[in-house]
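**Q** Quick one: the structure is below, questions incoming.
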Amino acid sequence: MEEIIPKKISLSGIQPTGIMTLGNYIGAVRNWVKFQDECDCLYMIANLHAITVKQNPAELRKHTLEAFALIIACGIDPQKSVAFIQSQVPEHSELSWVLNCYAQFGEMSRMTQFKDKSRKHADNINVGLFTYPILMASDILLYKSDIVPVGVDQKQHVEIARDIANRFNGIYGDVFTLPEPYIPKDGAKIMSLVDPTKKMSKSDENPNGFIAILEDRDSIIRKIKRSVTDSEAIVAYRENKDGINNLMTIYSVVTGKSYADIEKEFDGKGYGEFKSAVGETVADYLEPVKERFNQLMCDKAYLESLCSQGAEKASRIARKTLSKVYRKVGLA
Ligand code: TRP
């Protein structure tokens, strides 16, 4: 008989702060979709994390549901994976309190994102911003996650989750699984279209720097047409050609072609032609995502039923871990 090897558990989350960009899609969500066949996956809209910076309530509510619809539209299959909204699973907040008491002030003070964000939001250095990584540790540890796909900026948070888990296990025995960060290597960091030395970001003041997943076709094509390149007029992946390299990365991800293939395809052709091809291809690529998103947003009852089913599934798993923690600590 064939031995059944249990699948690894993978969890990741995304904050519902505004629009999702092509960068988020290529850098994160696309990999989430691929992971669904290899692991038991959980994907979460991290709205509790979002309130560590000021939010407008109506917008937060809207963005949370949209973000949920968008990950489904991007290919997260609610039958295969557990997709849910963080605030709908109260175990996250509950475990978070307990773990607060097993994290040290000193180690939390060293978190680079906290230091960056305190600088950026100097008027609102709230304690939630400080304990943000502990909530994230709760997200991860509740589901016994083995793997946590994240961007480089979140690696330190996964490591602190691991440290906290290890410490807790040292006192109470085997309660938590030690998670590992997974940082996708396949060159999929997408840069700003107006400054290709910076990461593509939805918070870019210049909207020409990013492409939103839901952006309309003409606007996508126009932004790529206008993107900053160089004066060499050679489509090649090389040092000092950040703009072209970025467009080549995008084109490569979207078409599956290698850089060598792309160089051949545009040999002797100008940037105008290359940019049109990239623009058209990206627009075609995002078309079905947009369509599925619009369908979901038109059927709120169905969308909300997906949310509550996801939250229920998540809660069933999370509740087991939390109960064990409560028993170990002496709270139950
Ligand atoms: N902090 C992550 C980010 O901003 C989002 C997140 C919240 C997350 N909880 C998580 C990612 C748990 C991975 C696992 O990108």
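The values are calculated or read from the model by the stated rules, or taken from the named source; none is laboratory data. Remember, predicted model here, so these are calculated numbers, not experimental data. Neighbour counts are summed over all protein chains in view; Cβ atoms, including those assigned to glycine, are modelled from backbone coordinates with ideal geometry. These area figures cover heavy atoms from the full protein model, side chains too; ligands, DNA and RNA do not enter into them. Shrake-Rupley method; radii C 1.70, N 1.55, O 1.52, S 1.80 Å.
**Q** What figure, in Å² to the nearest 10, do you get for the accessible area of D299 with a 1.4 Å probe and non-protein molecules left out?
**A** That residue has around 70 Å² of solvent-accessible surface.
**Q** For segment 43-128, run through the trypsin sites (Lys or Arg not before Pro) and keep only the ones in DSSP coil with at most 15 other Cβ atoms within 10 Å of their Cβ.
**A** Those that pass, being in a loop and sparsely packed, are K54, K80, R110.
**Q** Further, regarding this structure: For segment 89-126 and segment 207-221, compute the distance between their C-alpha centroids and round to whole Å.
**A** Computed from Cα coordinates, the inter-centre distance equals 34 Å.
**Q** Also: Ignoring solvent entirely, what values of log10 I(q)/I(0) come out of the Debye formula for segment 62-214 at 0.09, 0.16, 0.17, 0.18 Å⁻¹ when each Cα is a single scatterer?
**A** Per q value, in the given order, log10 I(q)/I(0) is -0.36, -1.15, -1.26, -1.36.
**Q** Hey, what did the chain get for relative contact order, percent, Cα under 8 Å, at least 6 apart?
**A** Computed over the chain, the figure is 21 percent.
**Q** If the cut-off is a Cα-Cα distance under 22 Å, which lysines reach K225, setting aside same-chain residues fewer than 8 apart in sequence?
**A** Candidates past the 8-residue exclusion: K189, K198, K199, K202, K241, K257, K264, K269, K275, K290.
**Q** Of all trypsin sites (Lys or Arg not before Pro) in segment 190-261, which ones are in loop regions per DSSP and have a Cβ with at most 14 other Cβ atoms within 10 Å?
**A** K198, R238
**Q** What are the extents of the Cα atoms of segment 159-257 along their three principal axes, listed from largest to smallest and rounded to whole Å?
**A** 62, 28, 24
**Q** State the Cα centre-to-centre distance between segment 158-192 and segment 257-332 in whole Å.
**A** 22
**Q** Filter the DSSP H helices in the chain by two things, a Kyte-Doolittle mean of at least 1.0 and an axial alpha-carbon span of 18 angstrom or more, and list the hits by number.
**A** Answer set is 127-142.
**Q** Additional query: Under the rule a/c < 1.5 gives rounded, and otherwise a/b versus b/c splits prolate from oblate, where does the chain land using the Cα gyration tensor?
**A** Taking the square roots of the gyration eigenvalues as a ≥ b ≥ c, the chain is prolate.
**Q** At a Cα cut-off below 24 Å, give the lysines reachable from K324, other chains included and same-chain residues fewer than 8 away excluded.
**A** Partners within reach: K7, K8, K144, K313.
**Q** If all Cα-Cα distances of segment 258-332 are sorted into 5 Å bins from 0 onward, what percent lands in each bin, rounded to whole numbers?
**A** 3, 12, 10, 10, 8, 8, 8, 8, 9, 9, 6, 4, 3, 1, 0
**Q** What value in Å³ per residue do you get for the convex hull of the alpha-carbon atoms in segment 207-294?
**A** 85
**Q** Tell me which residues come under 5 Å, amide H to amide H, from A83 once H is placed; ignore anything under 5 positions away on its chain.
**A** Y43
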